[in-house]
Amino acid sequence: MNYRITVLPGDGIGPEVCAEAIRVMNVVGEKFGHHFIWQYGLIGGSAIRETGSAYPEETHLKCLDCDAILFGAIGDPLYDNNPDAKVRPEQGLLAMRKKLGLFANIRPVRIWPDLLHMSPIKEDRVAGADLVVVRELTGGLYFGEPRELRDNGRVAVDTCLYSVEEIERIARVAFEMAGGRRKKVTLVDKANVLETSRLWRRVVTPMAKDYPDIELDYMFVDNAAMQLIINPKRFDVILTENLFGDILSDEASVISGSIGLLPSASIGDRVPLFEPIHGSYPDGAGKNVANPLATILSAAMLLRMGLHLTAEADAVETAVEQTIRAGILTWDLNRDNPRSTSDVGTHVAHVLMGG
Ligand code: IPM
Ligand code: MG
């Protein structure tokens, strides 16, 4: 089969980690008889520099005209400390999510037994933890209107806004995901304070009746932040709104030993997108030191969820597991004998080829 994949390498280490995922996917193609057609688009800081827009129309058209999107990272320190910047790299990511209708962000957190010792949390707490954050991605504080400065810049307003429809469609994703797992959904919110959170509970609670084999429970976000560290095994599927999901998924990534291990999928009405959850790591850019495994595992999610190629996705994950077991790892996971980004990618590709 032929598959057209749009690659958006983005900023910082994005291009390097994407190159390793592409290396691995091309081996998948050889081994399983697929042909991946790669087309590239600009996004983020690099797009601003070349076109003035963080998500150019040309990139959007490429994203619409493909089977799946592989995304690297976005973010440039040039803009981080400049609150007055007119166009920001992050706007590209948010515009893309909105325009492609990518409302569900799926972030699995998996513990690799060979890396238990790398977790900053005690091994007996994290061993066996296996959870997924289902984060709403196109609503809430990230997009609500009004958002503006008032009173000559002395007051700022953001708006947290959710509709019943927005909550229902993401909740459905979470319930269905739990069906293929340990059958438990935890709705994480701040319903003791926020009106939007109370709406989430009113909408999600009756939906559970449609999924009689799924257990639904509730947790306030401040407690969830604590439970993720002291008892991560209690979670199966965490269902939550945009900002809480952003924060909790970074926190959850820590228990696995490195944020450089965590892939994600963003799905919606159109083309699905796959990306590592880490950012652009500007200090590591161009140095061949960044961990490519999160992007390679995102490619595995792309194969599984985007193209429905299960055996191919399993093969990539097994090759990653063996690479981890062999200790062929970048500095974040191997302090004594760190390997380069391309060494790790090449090793995964080699294992996959059966060599
Ligand atoms: C993420 C990132 C983005 C977000 C940033 C870069 C806008 O942190 O994908 O989690 O906040 O959603
Ligand atoms: Mg984030």
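Below is a table of values for the structure above.
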{"quantity": "Helices (runs of 4 or more DSSP H) within the range 155-273 that include 1 or more residues within 16 Å of ligand 2 (Cβ to nearest atom) and crowded, with 16+ Cβ neighbours inside 10 Å", "calculated": "221-230, 242-255"}
{"quantity": "Tally, over the range 34-71, of residues that are over 16 Å from residue 19 (Cα atoms) and either polar (S, T, N, Q) or open to solvent by 10 Å² or more (accessible area, probe 1.4 Å) (or both)", "calculated": "21"}
{"quantity": "Failed item, numbered, when residue 237 is tested on (1) over 28 Å from residue 36 (Cβ atoms); (2) within 16 Å of ligand 1 (Cβ to nearest atom); (3) hydrophobic (A, V, I, L, M, F, W, C)", "calculated": "(2)"}
{"quantity": "Condition broken by residue 64, with the remaining ones in (1) touching a Lys or Arg at 6+ places or on another chain (Cβ under 8 Å); (2) closer than 30 Å to residue 321 by Cα; (3) more than 16 Å from ligand 1 (Cβ to nearest atom) satisfied", "calculated": "(2)"}
{"quantity": "Qualifying residue in the range 141-148 (condition: open to solvent by less than 10 Å² (accessible area, probe 1.4 Å), outside any helix (DSSP H, G or I) and not assigned by TED's automatic domain parsing to the domain that holds residue 94)", "calculated": "yes"}
{"quantity": "Top-ranked residue in the range 274-313 [being part of a loop (DSSP other than H, G, I, E, B) and among the aliphatic types (A, V, I, L, M); ranked as modelled with the lowest pLDDT]", "calculated": "277"}
{"quantity": "Condition met for residue 29 (part of a helix (DSSP H, G or I), touching a strand residue (DSSP E or B) at 6+ places or on another chain (Cβ under 9 Å) and surrounded by fewer than 21 Cβ atoms within 10 Å (Cβ to Cβ))", "calculated": "yes"}
{"quantity": "Residue match in the range 279-289 (condition: open to solvent by less than 30 Å² (accessible area, probe 1.4 Å), closer than 26 Å to residue 63 by Cβ and within 16 Å of ligand 1 (Cβ to nearest atom))", "calculated": "yes"}
{"quantity": "Matching residues, the range 9-55, being hydrophobic (A, V, I, L, M, F, W, C), more than 18 Å from residue 78 (Cβ to Cβ) and within 20 Å of the chain's Cα centre (by Cα)", "calculated": "17, 18, 19, 21, 22, 24, 25"}
{"quantity": "Options 28, 17; residue that is over 21 Å from residue 96 (Cα atoms), out of contact with any His (no Cβ under 6 Å at 6 or more places or on another chain) and of a type in the set (A, V, I, L, M, F, W, C)", "calculated": "28"}
{"quantity": "Residues satisfying the stated conditions in the range 339-355, i.e. in a loop (DSSP other than H, G, I, E, B) and over 25 Å from the mean Cα position of the chain (by Cα)", "calculated": "353, 354, 355"}
{"quantity": "Pairs where the first residue, in the range 94-117, is closer than 17 Å to residue 250 by Cβ and among the hydrophobic types (A, V, I, L, M, F, W, C) and the second is more than 16 Å from ligand 2 (Cβ to nearest atom) and in a strand (DSSP E or B), C-beta under 9 Å, 6+ apart", "calculated": "106/267; 109/130; 109/131; 111/130"}
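The values are calculated or read from the model by the stated rules, or taken from the named source; none is laboratory data. Keep in mind the model is a prediction, meaning the values are calculated, not measured. Reconstructed Cβ throughout: ideal geometry from the backbone, glycine too, with neighbour counts over all protein chains shown. Each accessible area value is taken on the protein alone, full model and side chains, heavy atoms only, with ligands, DNA and RNA left out. Shrake-Rupley method; radii C 1.70, N 1.55, O 1.52, S 1.80 Å.
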